[in-house]
Amino acid sequence: MGNIQLLFSYNHFNTFKLKTHVFCLFLLCFCNVHAQKLDKDKQYYISGIGFWNVENLYDTLNDKWKNDEEFTPFGTNAWTGSRYRTKIEHLAEVISQMATDVTPDGLAIVGLCEIENKSVVKDLINSPKLKKRNYQFVHIEGPDARGVDPSFIYNPAYFKVTKAVSYAVHLVTDTSHKTRDILVVSGLFVGEPLTVLVNHWPSRRGGEMLSRPNRNGAAKVARHISDSITTTNPQAKVVIMGDLNDDPVNDCVKKHIRTYADVKDAKVDEFFNPMEKPYKEGIGTLAWQDSWNLFDQIILNQPLVPNGFESWQYYKVKIYNKSFLKSDFGNFRGYPFRTYSGGAYTGGYSDHFPVFILMAKENKTPR
């Protein structure tokens, strides 16, 4: 990977009658196989959209409607107030750092999963390292037996919510077992319409092959939601993000979302998956038995694929796997540094690395 030299200039403009801060990027030298080429003679606004499976963000209270007993002070995980606060601080630390090398405001939007309730989201966005960003959130309680759901946090200087709903996903192999809904948030991303689907698809419990119909079913629901949006407006921009519990090359993504790996192959009725190339290079977001998977994905429909950057479009993908997010001991060296390992409290961050994409838009304001 070659060197990238970046120069930023600070700009102000009104969006939603708010004073919004966006940063322009001047590309002086560029070489990165997972980023799109930007014209070195032009200026671009840059902003970030991320996703993270934060691994069991529970409060310490026993909710009688949820199977959360293990995450209580007297449960098997001895989930105390001190451990909970450490978890919040760790998550906030990471989110506060992501994308700040290209935009000091960090991520404009972050999808999350394994969130117990609104209270823990509030604690996260009000933590000292995130509070100054004034993040707001959307969280809709779903039917999941463990009581964890997708959530959506956003910086209101960049995104304005106009609608938020959730859609049910039903397991094909066990209709009595309740799984996570798909959270769908629509709004204006720096003035442009955008809909984000935050997903946490059914697990591989029982084996990848036997559980595959469940993820295929979830993919069909997500694709149906997207199609209903683009049928009304073919130029609508849609992001499908989440922990899909499958890799970019698995059927649920390739056949049922219908994805491609190279922007040169863009088609109106298919989705661009910037995670496929990193996956094929051996890069992952979680590890199991010395094998890496890239379950955490951000997938984009055709209007978000680069075509002159006249509007907000995909620029670059990043798996955020900094060294401090990796375990440095034992058989799990190099794996994501998780909160519990082998039943013992280790005080880490999550069993998944977070991911984010950078979006770019040409700045045509005269210099």
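The values are calculated or read from the model by the stated rules, or taken from the named source; none is laboratory data. What you are looking at is a predicted structure, and each value in this text was computed from that prediction instead of being measured. Don't worry about glycine lacking a Cβ; one is built from the backbone with ideal geometry, like all the others, and counts go over all protein chains shown.
Quick check, is Asp328 more than 19 Å from Pro248 (Cα to Cα) and out of contact with any helix residue (DSSP H, G or I) (no Cβ under 9 Å at 6 or more places or on another chain)? The answer is yes for Asp328. On inspection, Thr162 qualifies as outside any loop (DSSP other than H, G, I, E, B), β-branched (Val, Ile, Thr) and over 19 Å from the mean Cα position of the chain (by Cα). Counting only residues that are within 19 Å of Leu286 (Cα to Cα) and touching a His at 6+ places or on another chain (Cβ under 9 Å), the range 206-228 holds 1 of them. Quick one: how many residues across the range 343-357 are of a type in the set (A, V, I, L, M, F, W, C) and surrounded by fewer than 17 Cβ atoms within 10 Å (Cβ to Cβ)? Qualifying residue count for the region: 1. Within the range 329-346, the set of residues being assigned to a loop (DSSP other than H, G, I, E, B) and in contact with a Gly (Cβ under 8 Å, 6 or more places away or on another chain) comprises Phe337, Arg338, Thr339.
The condition (being acidic (Asp, Glu) and touching a strand residue (DSSP E or B) at 6+ places or on another chain (Cβ under 6 Å)) is satisfied by just one residue among Asp181, Asp123, Asp101, Asp174: Asp181.
Counting only strands (runs of 3 or more DSSP E) that sit completely within the range 1-90, those holding 2 or more residues that are modelled with pLDDT of 95 or more correspond to 43-57.
Here's a check for you: in the range 310-329, which residue that is at pLDDT 95 or above and among the aromatic types (Phe, Trp, Tyr) is farthest from Phe189 (Cα to Cα)? Residue satisfying both the conditions and the ranking: Phe324.
Residues that are of a type outside the set (Asp, Glu) and in a loop (DSSP other than H, G, I, E, B) within the range 168-183 comprise Ala168, Val169, Leu171, Val172, Thr173, Thr175, Ser176, His177, Thr179, Arg180, listed in sequence order. Here the range 162-196 is the region considered, the condition is being more than 18 Å from Gly111 (Cβ to Cβ) and among the hydroxyl-bearing types (Ser, Thr, Tyr), and the residue that is surrounded by the fewest Cβ atoms within 10 Å (Cβ to Cβ) is Ser176.
Among the residues of the range 212-237, those that are within 11 Å of Ile257 (Cβ to Cβ) and surrounded by 24 or more Cβ atoms within 10 Å (Cβ to Cβ) comprise Arg215, Ala218, Ala219, Ala222. Pairing each residue of the range 243-258 that is farther than 13 Å from Ser203 by Cβ and part of a loop (DSSP other than H, G, I, E, B) with any residue that is modelled with pLDDT of 95 or more and not small (Gly, Ala, Ser), provided the two are 6+ apart or on different chains, yields C-beta distances under 6 Å for Asp247/Tyr279; Asp247/Asn293; Asp247/Leu294; Pro248/Asn273; Pro248/Met275; Pro248/Glu276; Pro248/Tyr279. Within the range 187-218, the residues that satisfy the criterion of being among the polar types (S, T, N, Q) and touching a residue at least 40 places away in the same chain (Cβ under 8 Å) are Thr195, Asn199, Ser203, Asn214, Asn216.
Taking the criterion of being touching a residue at least 40 places away in the same chain (Cβ under 8 Å), surrounded by fewer than 21 Cβ atoms within 10 Å (Cβ to Cβ), within 24 Å of Thr339 (Cα to Cα) and among the aliphatic types (A, V, I, L, M), would at least one residue in the range 291-305 satisfy it? Taking every residue of the range 291-305 in turn, none turns out to be touching a residue at least 40 places away in the same chain (Cβ under 8 Å), surrounded by fewer than 21 Cβ atoms within 10 Å (Cβ to Cβ), within 24 Å of Thr339 (Cα to Cα) and among the aliphatic types (A, V, I, L, M). Residue count for the range 184-231 under the criterion of being closer than 28 Å to Gly48 by Cα and either in a helix (DSSP H, G or I) or among the small types (Gly, Ala, Ser) (or both): the result is 19. Failed condition for Ser228, given (1) touching a Phe, Trp or Tyr at 6+ places or on another chain (Cβ under 7 Å); (2) among the hydroxyl-bearing types (Ser, Thr, Tyr); (3) farther than 19 Å from Glu114 by Cβ, with all others met? It fails just one condition, (1). Mind telling me which of the residues Tyr349, Tyr314, Tyr279 ends up being outside any strand (DSSP E or B) and in contact with a helix residue (DSSP H, G or I) (Cβ under 7 Å, 6 or more places away or on another chain)? Going through Tyr349, Tyr314, Tyr279 in turn, just one is outside any strand (DSSP E or B) and in contact with a helix residue (DSSP H, G or I) (Cβ under 7 Å, 6 or more places away or on another chain): Tyr349. Output yes when any residue across the range 319-342 is without any contact (Cβ under 8 Å) to a residue 24 or more places away in the chain, buried (at least 20 other Cβ atoms within 10 Å of the Cβ), within 30 Å of Phe71 (Cα to Cα) and of a type in the set (Phe, Trp, Tyr), and no when none is. Yes, the conditions are met somewhere in the range 319-342.
Looking across Ala360, Ala287, one residue alone is crowded, with 22+ Cβ neighbours inside 10 Å and touching a Phe, Trp or Tyr at 6+ places or on another chain (Cβ under 6 Å). It is Ala360.
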